[in-house]
Amino acid sequence: MQSQWELEEQLKKVLNEKRFRHTLGVSDTAAALTMAHGGDLQKARLAGVLHDCAKCYSDAELLAYAQKFQLPITEVEEQAAYLLHGKVGAYFAEHLYGVTDEDVLNSIRFHTTGRVNMTQLEKIIFIADYIEPTRREIPGLDQCRAYAFQDLNLATYEILKNTLQYLEQEQKPSAIDPNTRITMEYYKELSQNTMDKISS
Ligand code: DGI
Ligand code: FE
Ligand code: FE
């Protein structure tokens, strides 16, 4: 297994400049969230640096890789194949970059839609991906950034709510992965108490 620094050097060659800066942003933000909430700092940085390692491929390439590696492809992923960059990325993380930790692999695998009952690391990568400092400013981002350091479930809910709103408002609405909505409902329920406390 290579060091974090060696991995960063490798990813720099694979990703374009903007994606590489985003990757470092996610890695550092995941570290900061781990400092706030507890957990393994090095795992957070590792998952952060690798989370988009398959983002440099086209939809056709992602579909071809998913087939080649015998990864399950859902109907929605067939229509919006970029959704596969998590699954394909987790495969590369394991087989190309030598990651063995299942929690790190799952954080990469599920970072776009999230899933119910995420581990702390999975939530941290999901959130860091959305709030890292180089992300384009979008409505509601400051709120998500503030929630992220207070309550991971609430931040997860807020991000999914915004993402779904964005996807539904698109001129040419893209297929919504059932996981995105199911995860949003799950974290809405889970963070209801926190929201009641914050608003009272
Ligand atoms: O890879 P990144 O750009 O850093 O971030 P990401 O992996 O979270 O991907 C973000 C994109 O994924 C964003 O344009 C919204 C989109 N997305 C999230 N959930 C869904 C989705 N797209 C579709 N079609 N369906 C979803 O459920
Ligand atoms: Fe991604
Ligand atoms: Fe990302």
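Every number here is computed from the coordinates shown, using simple stated rules; none is lab data. Keep in mind that what you see is a predicted model, and the values were worked out from it rather than measured. Backbone-built Cβ (ideal geometry, glycine too); neighbour counts: all protein chains shown.
Data table
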{"item": "Sites matching trypsin sites (Lys or Arg not before Pro) across the range 16-115 that sit in DSSP coil, with at most 14 neighbouring C-beta atoms within 10 Å", "result": "none"}
{"item": "Rounded if a/c under 1.5, otherwise prolate or oblate - the chain, Cα gyration tensor axes", "result": "oblate"}
{"item": "Length-normalised contact order for the chain - Cα pairs under 8 Å, 6+ apart - percent", "result": "20"}
{"item": "For the range 181-196, Karplus couplings with θ = phi - 60° (6.51, -1.76, 1.60), whole Hz, Gly/Pro x", "result": "6, 4, 5, 4, 4, 4, 7, 5, 4, 5, 9, 4, 4, 4, 5, 4"}
{"item": "Low-density loop cleavage sites - GluC sites (Glu not before Pro) in the range 61-141, where at most 11 other Cβ are within 10 Å (DSSP)", "result": "E137"}
{"item": "Test item: Cα-centred dipole of the chain, Lys/Arg +1 and Asp/Glu -1 on Cβ, debye", "result": "260"}
{"item": "Set K12/K55; K123/K161; K18/K161; K18/K87; K55/K87; K55/K188 screened for pairs whose C-alpha atoms are more than 20 Å apart", "result": "K18/K161; K18/K87; K55/K188"}
{"item": "Filtered trypsin sites (Lys or Arg not before Pro), the range 129-200: DSSP coil and at most 13 other beta carbons within 10 Å", "result": "R136"}
{"item": "Summed residue charge, Cβ within 10 Å of D101's Cβ, Lys/Arg positive, Asp/Glu negative", "result": "-3"}
{"item": "Charge dipole magnitude, Cβ of K and R +1, D and E -1 - the range 95-142, Cα centre, debye nearest 20", "result": "160"}
{"item": "Counted charge near N16, where neighbours are those whose Cβ lies closer than 12 Å (Asp, Glu -1; Lys, Arg +1)", "result": "+4"}
{"item": "Shape of the range 130-200, Cα gyration tensor, a/c cut at 1.5", "result": "oblate"}
{"item": "Virtual spin-label span in nm between E168 and Q70, 7 Å along Cα→Cβ", "result": "4.0"}
